[in-house]
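Here the structure is laid out as structure tokens; the discussion comes afterwards.
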Amino acid sequence: MHDRWLRPITARLLAAGALLTLVAGFLLPASPAMAAPTFRVPFPCGQTWSGQTRSGHSPANAIDFNRTDDLGDPVVASAPGTVDRVTDLGGSSYGKYVRINHGNGYHTYYAHLRGFNVSVGQSVGYGKVIGWVGSTGNSSGAHLHYEQRLNGADIKIRFNGTLALYWGTRNYTSGNGCSSATGSGTVRTAGADLTVRSGPGTGYSAVGSLATGTKVTINCQTNGTTVTGTYGTSSIWNRIGAGRFIADAYTYTGYDGFIPNVPRC
């Protein structure tokens, strides 16, 4: 007797629970994506290389880098990380290649190398020579095959936050391993003072203000709260001192996005 009454009640409760779970799945926000490292051109400071992208490349988003007489030229880490693969595939595929783990699911690949200058488990920073340009593996001539990947999938390549050319050939000048650089900017508002925050977002405490027209030195840049201001909508925040951040949307820097060679906070 009790069983017959309980069964329909239990079924209704289970259905209600399933509905709440479904609704919660739509209402709960997705976890925010982790910020990408500031990748730089994988060659020593000041060098200019021709980088080619093509839709028939494997994988499609990779870049092939060349310059005159480049066989044996040094290749450097494009961002800090830990070397997690140093492999020689012989005459096939990537040939001799290095992979660097940059954290948060990001990796870079450096293929067709002539030789290695790092070992697995080694920590590397900007400008660290990891190997030399070669023509190993399935390569028809000396060049560097370079990839950026996120969670194993190749992604379109960015240097200093700026998207590489897709599709075609462009010259890229390296700021990798150069001495530490700062940027400059000018606060531009509609008239009201710009609030300086203790961190990269509107949720951080106010620690001061700057009048429109104030010139600032930018020590580093990072992602934070998205703000709409004088220069559009941006999630970039500029650190202008210890514990002092201002929204890039209210800062004229001369660049649409991250400033080349200024480090990421």
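The values are calculated or read from the model by the stated rules, or taken from the named source; none is laboratory data. All values derive from a computational prediction rather than experimental measurement. Here the Cβ is made from the backbone with ideal geometry for all residues, glycine too, and neighbour counts use every protein chain on show. Note: accessible area is taken over every heavy atom of the protein model, side chains too, but ligands, DNA and RNA are not part of it. Shrake-Rupley method; radii C 1.70, N 1.55, O 1.52, S 1.80 Å.
What to note about this one:
- Of the strands (runs of 3 or more DSSP E) lying entirely inside the stretch 151-265, those containing at least 1 residues that are among the polar types (S, T, N, Q) and crowded, with 16+ Cβ neighbours inside 10 Å are 194-197, 220-229, 232-241.
- Beta carbons closer than 6 Å, at least 6 apart along the sequence or on distinct chains, pair a first residue in the stretch 118-137 that is β-branched (Val, Ile, Thr) with a second that is surrounded by fewer than 19 Cβ atoms within 10 Å (Cβ to Cβ) and in a strand (DSSP E or B) for Val129/Pro74.
- Residue count for the stretch 67-89, restricted to those that are of a type outside the set (Val, Ile, Thr) and in a strand (DSSP E or B): 5
- Restricting attention to the stretch 97-129, the residues that are open to solvent by less than 40 Å² (accessible area, probe 1.4 Å), out of contact with any Ser or Thr (no Cβ under 7 Å at 6 or more places or on another chain) and assigned to a loop (DSSP other than H, G, I, E, B) total 4.
- Residue within the stretch 9-28 that is at pLDDT 90 or above, over 18 Å from His112 (Cα atoms) and of a type outside the set (Asp, Glu) present: no
- Pairs meeting the criteria (first residue in the stretch 214-236 and farther than 16 Å from Asn160 by Cβ and without any contact (Cβ under 8 Å) to a residue 24 or more places away in the chain, second residue part of a strand (DSSP E or B) and small (Gly, Ala, Ser), beta carbons under 6 Å, at least 6 apart or on different chains) are Thr226/Ser235.
- Residues in the stretch 64-80 that are at positive phi and touching a residue at least 40 places away in the same chain (Cβ under 8 Å): 1 in all.
- Residue satisfying condition, being over 22 Å from the mean Cα position of the chain (by Cα) and of a type in the set (Asp, Glu), within set Asp84, Asp88: Asp88
- The single residue among Gly91, Gly134 that is at pLDDT 95 or above, open to solvent by 60 Å² or more (accessible area, probe 1.4 Å) and farther than 18 Å from Phe39 by Cα turns out to be Gly91.
- The single residue among Gly51, Gly72, Gly46 that is exposed (fewer than 14 other Cβ atoms within 10 Å of the Cβ) and either within 13 Å of Tyr146 (Cβ to Cβ) or more than 22 Å from the chain's Cα centre (by Cα) (or both) turns out to be Gly72.
- Looking only at the stretch 89-101, and only at residues there that are in contact (Cβ under 8 Å) with a residue 40 or more places away in the chain and touching a Phe, Trp or Tyr at 6+ places or on another chain (Cβ under 8 Å), the one that is nearest to His57 (Cα to Cα): Tyr94
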